[in-house]
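K.L.:
Have a look at this one before I ask anything.
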Amino acid sequence: MQKTIVVLSDDLDGSEASETITFALDGAEYEIDLNESNAAELREALERFTQVARKTSGGRGRPAARKSAGGGIDTKAVRLWAIDNGFQVNTRGRIQSDIIEKYQAAN
């Protein structure tokens, strides 16, 4: 039996990341892997703007990238599932939409 472990690296400082954050600005969607401290710093920096901004829904983005009622896609789980099922997936950054769709169909 072979077991593959995926460890996300913080895109800012190289430490172990605890989550992947997605956001959009000026029509471009971004995804960044951050540790708890850097994630909190990003949220704090954007809080002034998000408190007064309007949330949008539907029509933009790919369905696989949209957040679910449960809070979003668990990228760590998707990566582990993909590796366990023979798919090639990057250890950080954006996960291909077809892999996310296959993960969602299987779960």
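The values are calculated or read from the model by the stated rules, or taken from the named source; none is laboratory data. Small disclaimer: the values here were computed from a predicted structure and weren't measured. Neighbour counts run over all protein chains shown; Cβ positions are idealised from the backbone, glycine included.
K.L.:
Here's a check for you: in the stretch 14-36, which residue that is out of contact with any strand residue (DSSP E or B) (no Cβ under 9 Å at 6 or more places or on another chain) and part of a loop (DSSP other than H, G, I, E, B) is surrounded by the most Cβ atoms within 10 Å (Cβ to Cβ)?
P.N.:
Ranking the candidates gives 14 first.
K.L.:
Enumerate the pairs (first residue in the stretch 22-44 and farther than 20 Å from residue 54 by Cβ and touching a residue at least 60 places away in the same chain (Cβ under 8 Å); second residue anywhere and of a type outside the set (Gly, Ala, Ser) and surrounded by 13 or more Cβ atoms within 10 Å (Cβ to Cβ)) with beta-carbon separation below 7 Å, excluding pairs fewer than 6 apart on the same chain, so at least 6 apart or on different chains.
P.N.:
Qualifying pairs under 7 Å: 31/20; 31/22; 31/94; 33/8; 33/10; 33/11; 33/20; 33/92.
K.L.:
Right, another one. Which of the residues that make up the stretch 1-51 are over 23 Å from residue 88 (Cβ atoms) and among the basic types (Lys, Arg)?
P.N.:
Answer for the stretch 1-51, where residues must be over 23 Å from residue 88 (Cβ atoms) and among the basic types (Lys, Arg): 43, 48.
Yes or no, residue by residue, for (1) in a loop (DSSP other than H, G, I, E, B); (2) surrounded by 13 or more Cβ atoms within 10 Å (Cβ to Cβ); (3) in contact with an Asp or Glu (Cβ under 8 Å, 6 or more places away or on another chain); (4) modelled with pLDDT under 85:
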residue	(1), (2), (3), (4)
11	yes, yes, yes, no
47	no, no, no, no
64	no, yes, yes, yes
76	no, yes, no, no
90	yes, no, no, yes
